[in-house]
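The values are calculated or read from the model by the stated rules, or taken from the named source; none is laboratory data. What you are looking at is a predicted structure, and each value in this text was computed from that prediction instead of being measured. With ideal geometry, Cβ positions are generated from the backbone for all residues, glycine too; neighbour counts draw on all protein chains shown.
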Amino acid sequence: MAEFSVVGKPLTKPDAYAKVSGQTKFADDLSLPRMLYGRILRSPYPHARILRVDPSRAQTLPGVLAVLTGDDLPVKFGILPVSQDEEALARDKVRYVGDPIAAVAATDEWVADEALDLIDVQFTELPHFMSIPQALAGEGEPIHGTSNVHKAVALEFGDTEAAMRAADHVREDVVFFEGNTHLPMEQHAALAQYAADGKLTLWTSSQTPHYVHRALGKVLDLPMSRIRVIATPNGGGFGGKSDIFSHELVAAKLAIATGRPVKITLTREEVFYAHRGRHPVLMKVRTGFTRSGRITGMQFQSFLDGGGYGSYGVASTYYTGALQATTYAIPRYRFEGVRLFTNKPPCGPKRGHGTPQPRFALEVHLDKVAEELGLDPVEIRRRNLPKSDSRTVNWLRITSCGLTDCINKVVEGSRFLERRTSMPRGRGLGFAVSSYLSGAGTAIYWNDMPHSEVQLKLDRNGGVALLCGAIDIGQGSDHILAAIVAEVLGVAIDDIQLTTADTDLTPIDLGSYSSRVTFMAGNAAKAAAENVRDRLFAVAATALHCDAEELVARDRRIFRLNRPADGLSFAQVVQLAEGEGGVVTGSGSYTPPKLAGPYKGAGVGPSPAYSYSAAVVEVDCDLKTGEVKVPEVWIAHDIGRAINPMLVIGQVEGSVYMALGEALMEEQTFRLGLHKFPSLLEYKSPTALEAPVMHTYLVETIDREGPFGAKEAGQGPLLPVIPAVANAIYNALGIRIDEIPITPDKVLKALNARDKRVGPKTVPAFAFPPLIKAEVPPEWKGK
Amino acid sequence: MSIADKVVVRLRVNGEDTAIMAPPYKTLLEVLREDLGLTGTKHGCELGECSMCGVLVDGKPFLSCLAMPLDLEGREVTTIEGMPRGRELHPLQVAFAELGAAQCGYCTPAMLLTAKALLDREPRPSREAIKDALSGVLCRCTGYLKIFEAVELAASRATRG
Amino acid sequence: MAASQPGAMFIAGGTDLVPNLKRRQFDVPALISLSALSGMRLIAGDAKDGLTIGAGATLDELAHHPALNGPYRALAQACDLVSTPQVRCMGTLGGNLLVDPRCNYYNQTYSWRKAVGFCLKKDGDICLVARSSPRCWAVSSSDSAPVALALNATVVLHGVGGERRIRADDLYKDDGIDYTTKRADEVITSLHVPASKERMTSAYWKLRRRPAFDFPILGVAVALSWDDGMVQTARGALGAVGSRPVDITPFLGPLTGSRPDDRLIAEVADGADKPARPLDNTDLSHYWRKRMTRVYIERALRDACGLPPVEGRLSAQVKASSM
């Protein structure tokens, strides 16, 4: 008998048939009788003081039912407890072009749009800050408070200056990573209903319904028990729907104000303003090496361009410094980071949250060092790999680590070492590796409760109702939960009925962010199923006159492992159990172990397990135009265990795709104080014609704490691809583009430059706070 | 502008003739989703820059966000709801489900209809022809590969049978 | 009808017009559909007698039409490189010839344009790309227009005053707003491509970021007629480097009477980019686009001469080279 009957199989996911039939109801597909359409008036100025908002002309337009201004929603909010700096509708100041100011509800969208034109707003313009240097040095009123510095951190683990002095070779690099955005194909949408009984329901395209629930309670000053948030399937998220958005709060308030359902669907332009995407980050990395290529110590600085509000920015800042040491064994480490407010849409978490930028910096830096030391790019990494069951110098606990296997797979698959030295000019191969979290180890708001909870309820025919707060954003989380429960209970995926992300019905899951659902909700689902199974086995053992330990659940039966004929159908056992003790339910929870190290700022970075990835990218460059094509990619990912390899490969391929877009064309740029081109035509998202051949290798390390050994897949595989592109271009053309994205004009510029490089040369002068000198874990002392 | 005047719009959608009253400036996308309840047709930009709203008109891929219903009288509109034959899913729909070609599922209706137009014209297309045919529908989830593979699987099943 | 409804506009495929209407770039009291004029879709003739193409023919039809297989190949290439399959199935040749000149300060929503300050082309009084300029610098973004010039085509217009036939070159004016000599009441009914006594080859090369969706940020159309391996005439035009398609025929003179080789083509391309004046109002930097003009003229000429257009394996333009 095979080990598993569901886990590890490339089965069709439960929501697949609804999706291929167009039956999946996304938020904007919902409508209710008497529904009104809401629209939001947004700031035309990047930075301005609001003197007056006069809605009176709009209020009298036929078809307009309500107009809201900032005074109607005065309570500030923010996704992080430390950054409660947003207002649903700005009251005193606007901080970027697109900042919400007022809102209307009307009988149709045309009337609503017309009403927006009739809202009179008077502003006084303020000087605006559109870049890191401007935010640091620019004159004028800061965007918030007394300084444009949102957060500055400085941590040191051991004496890095001594490590530099002890090194045979020290290298410093400065690189820049331009911001970009998630671009989910589905625009955000929310539908709110306020019933006669005073109960509010909000359907929303959100990755984090629990946090939206909390924010609605706070901003609307309603008890959470009077609010029901239902997350609809997300038409793509990638981190872009994991914040609390103005339109969600506004739709709710408009529904309360009018007593009628109100739907707000963002236009594509508004999605660019909602943003919360990749931070532009300027970085300096300085590393000491021994002659043989072992890292002695590293100093890393990052400057984040945060946009107009905090969002996840404090976490993003720490993330730019957190995962350097989970990928390489770094004995001494210093990290200094600063996030600055600028007059742009707020940045936040995009696939890889805060780590693709430093990953780019580190992986091109290592390639340069390898060349200087006369090592090949693979060898220098092999000499610095972390070990399984170890702890990093910044106290991050590593359980399973399959990085060596990942490296072997892509290096052998691509014949990297042979081919990289024998390709014609213009063609090249690049290599890079990475690691990522399987869920953030600490919750966004401090508490001791579980991060994920699952409830099961069995029916008399053997069906299993599965309730969980997690929302499927396309990554396949519904399947993962169903597969885990089906495996434990010995039923089929079809027997599981999922109810997800409904705060009235489902127990908590913190959300589909930080690659946490498979690991955390998966563990909760496994625990819930095991609880139920224990009860079923106890009943079955009595009926079959055997010990519960002898039983297995499989093929919709519960039977004795050694005498398979001795058994009952799953439904029969459920009926026996229900007859004996009433409704058959069970629940399970997952709380990650407390992993934070003994220093301030240790809350960002810990995860119960890290995934690992390695990539080789081939490029084909046009010497005359500077255009870069990617014909082939080899990618290996340490998934722990693939619950469904088909879905894992889908996540890996999607990550590679998104990485190539970021590496070569996607960028969120600004001109004259506003987004240069908030459209799907001018924000360049790669098409089917640009899809490379991909070779995906899954490495299974069976993590001891993951559900069936599983780790994450949704974000990690993006990370190595971007630097691998840059390294491949160096291999092809001998030029260094130390700035993402790598556009053809930059390639041509570098080809003609004396130093064969395009990229920043220095970082601005900035007085970081005094270093917090953290203790080094015992195993790193004296090393 | 205030309350809009309406005109009679006659359409043939998924083999059914229908007449509704709608403002003349409403696009096919809006009429399909709001007046006919066919919400399987999606939208990503409403400017012709993503093709999420793709439908077929007389078997050819069209953008419903740019098509004016009054211009389509006498023509055959097919949406994702019209893709199965009765209760039987189209082979492309089955292949997309089986191979994980629909991740978030948002581009899936347009992707499927566009692929159907290709297979109706060219039953065994090459990988290059598939890429070319699908080049107008953006997908942010899959990296497109599972979509290409699903089209190939559907084509091989259809031509083998 | 057009005469009786001031401000009314004609609509065929709608793929250019409708997005502009949604962004409030035109204030139109009525649209007049051309879809009922079935005669406008006919394609008749051949290279021997000349070809007449109804302006209502879709770009998709033209991309695959056998009449555009040989000497007029550049037109099929241009049509096949427009945007996406969806747009090509809807969009027509007439509509593509008349694509409203584009500018990334102009092709934006009403609220965006309001935020940045309205421009000359709509609702404002300055050009945001060249602030001291009295004129609009929106970019001619048609793929078929430079081909029509290179093929020396004639445009047939119908209006209240009857039929008018003008050279394609005379259809365009060098102004981003007032970009065509077509009168408001006129419709392009067909494009006539003259016969070629000698063997003729043509090619269209399009520069853009992505191989689908994107408008040209440079287009190069060339047409060569041959006699016994010698070039008899050489015509060419550039797209997307000015407010109208730019004729580069005078710069191709040295090809006449020659058997073009690598060196001659490179030399000709060297000067032929002179009239290209890209500004910073499309995708990618205008310095780079200016530099690319020479490269793409060379590639288009090599293509039309039957020489491999790009060294090595890479094709900067996957679709063009595979045709």
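Every condition in (1) touching a residue at least 24 places away in the same chain (Cβ under 8 Å); (2) farther than 30 Å from A:E371 by Cβ holds for A:A195 except the one numbered (1). Selection of region A:414-423 for residues being away from chain C (no Cβ under 14 Å), touching a residue at least 12 places away in the same chain (Cβ under 8 Å) and assigned to a loop (DSSP other than H, G, I, E, B) yields only A:R420. Note on region B:83-103: residues that are of a type in the set (D, E) and more than 8 Å from chain A (Cβ to nearest Cβ) total 1.
I need a count of the residues in region A:581-596 that are surrounded by 18 or more Cβ atoms within 10 Å (Cβ to Cβ), in contact with a strand residue (DSSP E or B) (Cβ under 7 Å, 6 or more places away or on another chain) and over 11 Å from A:V454 (Cβ atoms). Residues meeting the conditions: 1. Looking at C:D247, is it farther than 15 Å from C:P146 by Cβ, surrounded by fewer than 23 Cβ atoms within 10 Å (Cβ to Cβ) and acidic (D, E)? Against the criterion (farther than 15 Å from C:P146 by Cβ, surrounded by fewer than 23 Cβ atoms within 10 Å (Cβ to Cβ) and acidic (D, E)), C:D247 does not qualify. Within the bounds of region B:33-50, is there any residue that is under 17 Å from B:L118 (Cβ atoms), within 11 Å of the chain's Cα centre (by Cα) and in the same structural domain as B:T18 (by TED's automatic domain parsing)? No, because not a single residue in region B:33-50 is under 17 Å from B:L118 (Cβ atoms), within 11 Å of the chain's Cα centre (by Cα) and in the same structural domain as B:T18 (by TED's automatic domain parsing).
Given region C:118-229, what strands (runs of 3 or more DSSP E) lie entirely inside it while holding 3 or more residues that are without any contact (Cβ under 8 Å) to a residue 24 or more places away in the chain? Even if it seems obvious, please write down each step before you answer.
Numbers: elements: C:154-159, C:162-167, C:187-193, C:199-207, C:218-227.
Per the criteria, C:162-167.
Checked against (1) within 14 Å of chain B (Cβ to nearest Cβ); (2) assigned to a strand (DSSP E or B), A:Y697 passes all but a single condition, namely (1).
Is it the case, given these coordinates, that A:F537 is touching an Asp or Glu at 6+ places or on another chain (Cβ under 9 Å), among the aromatic types (F, W, Y) and free of Cβ contacts under 8 Å to residues at least 40 places away in the same chain? Lay out the reasoning, then the answer.
Details: touching an Asp or Glu at 6+ places or on another chain (Cβ under 9 Å): yes; among the aromatic types (F, W, Y): yes; free of Cβ contacts under 8 Å to residues at least 40 places away in the same chain: yes.
Considered against the rule, which asks whether it is touching an Asp or Glu at 6+ places or on another chain (Cβ under 9 Å), among the aromatic types (F, W, Y) and free of Cβ contacts under 8 Å to residues at least 40 places away in the same chain, A:F537 comes out as yes.
Evaluation of A:S613 against the conditions (1) outside the structural domain of A:V485 (by TED's automatic domain parsing); (2) part of a loop (DSSP other than H, G, I, E, B); (3) small (G, A, S); (4) modelled with pLDDT of 95 or more shows that the sole unmet condition is (2). Can you report the number of residues in region A:56-83 which are in contact with a Ser or Thr (Cβ under 6 Å, 6 or more places away or on another chain) and not hydrophobic (A, V, I, L, M, F, W, C)? Number satisfying all stated conditions: 2.
What is the one condition in (1) within 14 Å of chain B (Cβ to nearest Cβ); (2) within 28 Å of A:K241 (Cβ to Cβ); (3) under 27 Å from the mean Cα position of the chain (by Cα) that A:K9 does not satisfy? That leaves (2) as the condition not met.
Of the residues in region A:709-752, how many are among the acidic types (D, E) and surrounded by fewer than 24 Cβ atoms within 10 Å (Cβ to Cβ)? Residues flagged as among the acidic types (D, E) and surrounded by fewer than 24 Cβ atoms within 10 Å (Cβ to Cβ) within region A:709-752 amount to 2. Out of everything in region A:424-475 that is in a loop (DSSP other than H, G, I, E, B) and of a type in the set (D, E, K, R), what residue ends up being nearest to A:I398 (Cα to Cα)? Result: A:D448. Among the residues of region B:59-82, are any facing another protein chain (nearest Cβ under 9 Å), closer than 24 Å to C:L17 by Cα, aromatic (F, W, Y) and surrounded by 22 or more Cβ atoms within 10 Å (Cβ to Cβ)? Yes, because at least one residue in region B:59-82 is facing another protein chain (nearest Cβ under 9 Å), closer than 24 Å to C:L17 by Cα, aromatic (F, W, Y) and surrounded by 22 or more Cβ atoms within 10 Å (Cβ to Cβ).
Is region A:349-359 home to any residue that is charged (D, E, K, R), outside the structural domain of A:Q207 (by TED's automatic domain parsing), closer than 30 Å to A:Y45 by Cα and in contact (Cβ under 8 Å) with a residue 40 or more places away in the chain? Full working, then the answer.
Of the residues in region A:349-359, the ones charged (D, E, K, R) are A:350-351, A:359.
Narrowing further to those that are outside the structural domain of A:Q207 (by TED's automatic domain parsing): A:350-351, A:359.
Those still in the list that are closer than 30 Å to A:Y45 by Cα too: A:350-351.
In the following step, the residues that additionally are in contact (Cβ under 8 Å) with a residue 40 or more places away in the chain were identified as A:350-351.
Yes: region A:349-359 contains one or more residues that are charged (D, E, K, R), outside the structural domain of A:Q207 (by TED's automatic domain parsing), closer than 30 Å to A:Y45 by Cα and in contact (Cβ under 8 Å) with a residue 40 or more places away in the chain.
Listed residues A:G601, A:G626; which is away from every other protein chain (no Cβ under 14 Å) and at positive phi? Give the derivation first.
On the way: A:G626 fails: away from every other protein chain (no Cβ under 14 Å).
So the residue among A:G601, A:G626 that is away from every other protein chain (no Cβ under 14 Å) and at positive phi is A:G601.
For B:G48, the conditions (1) at the interface with chain A (Cβ under 9 Å from one of its Cβ atoms); (2) touching a residue at least 40 places away in the same chain (Cβ under 8 Å); (3) touching a strand residue (DSSP E or B) at 6+ places or on another chain (Cβ under 7 Å) all hold with the exception of (2). If I ask for residues that are within 14 Å of chain C (Cβ to nearest Cβ), surrounded by fewer than 21 Cβ atoms within 10 Å (Cβ to Cβ) and among the basic types (K, R), which ones from region B:104-150 would you list? Across region B:104-150, the qualifying residues are B:R121, B:R127.
When you scan region C:283-303, how many residues do you find that are at negative phi, at the interface with chain A (Cβ under 8 Å from one of its Cβ atoms) and either assigned to a helix (DSSP H, G or I) or of a type in the set (A, V, I, L, M, F, W, C) (or both)? Before you say what the answer is, go through the steps one by one.
First, the residues of region C:283-303 that are at negative phi: C:283, C:285-303.
Checking the rest, the ones that are also at the interface with chain A (Cβ under 8 Å from one of its Cβ atoms) come to C:283, C:285, C:287-288, C:291-292, C:295.
If we keep only those that are either assigned to a helix (DSSP H, G or I) or of a type in the set (A, V, I, L, M, F, W, C) (or both) as well, we get C:287-288, C:291-292, C:295.
Count: 5.
When A:D99, A:D85, A:D113, A:D71 are checked against the criterion of being surrounded by fewer than 16 Cβ atoms within 10 Å (Cβ to Cβ) and either acidic (D, E) or without any contact (Cβ under 8 Å) to a residue 12 or more places away in the chain (or both), A:D71 stands alone in meeting it.
Going through (1) touching a Lys or Arg at 6+ places or on another chain (Cβ under 7 Å); (2) assigned by TED's automatic domain parsing to the domain that holds A:P631; (3) over 30 Å from A:H479 (Cβ atoms) one by one, A:E779 falls short only on (2).
Can you tell me which of A:E682, A:E632, A:E653, A:E618 is more than 23 Å from the chain's Cα centre (by Cα), at pLDDT 95 or above and at the interface with another protein chain (Cβ under 8 Å from one of its Cβ atoms)?
On the way: A:E632 fails: at the interface with another protein chain (Cβ under 8 Å from one of its Cβ atoms); A:E653 fails: more than 23 Å from the chain's Cα centre (by Cα); A:E618 fails: at the interface with another protein chain (Cβ under 8 Å from one of its Cβ atoms).
The conditions single out A:E682.
If you go through region C:17-27 and keep only what is facing another protein chain (nearest Cβ under 9 Å) and not in a helix (DSSP H, G or I), you end up with just C:R23. Of all residues in region A:769-780, those that are closer than 10 Å to A:G158 by Cα have Cβ atoms under 9 Å from Cβ atoms of residues that are of a type in the set (D, E), 6 or more apart or on another chain, in A:K773/A:E156; A:K773/A:D159; A:A774/A:E156. From the list A:G321, A:G310, the one residue that fits, being outside any loop (DSSP other than H, G, I, E, B) and either surrounded by 24 or more Cβ atoms within 10 Å (Cβ to Cβ) or of a type in the set (V, I, T) (or both), is A:G321. Taking the criterion of being of a type outside the set (S, T, N, Q) and crowded, with 24+ Cβ neighbours inside 10 Å, would at least one residue in region B:152-159 satisfy it? Among the residues of region B:152-159, at least one is of a type outside the set (S, T, N, Q) and crowded, with 24+ Cβ neighbours inside 10 Å, which makes the answer yes.
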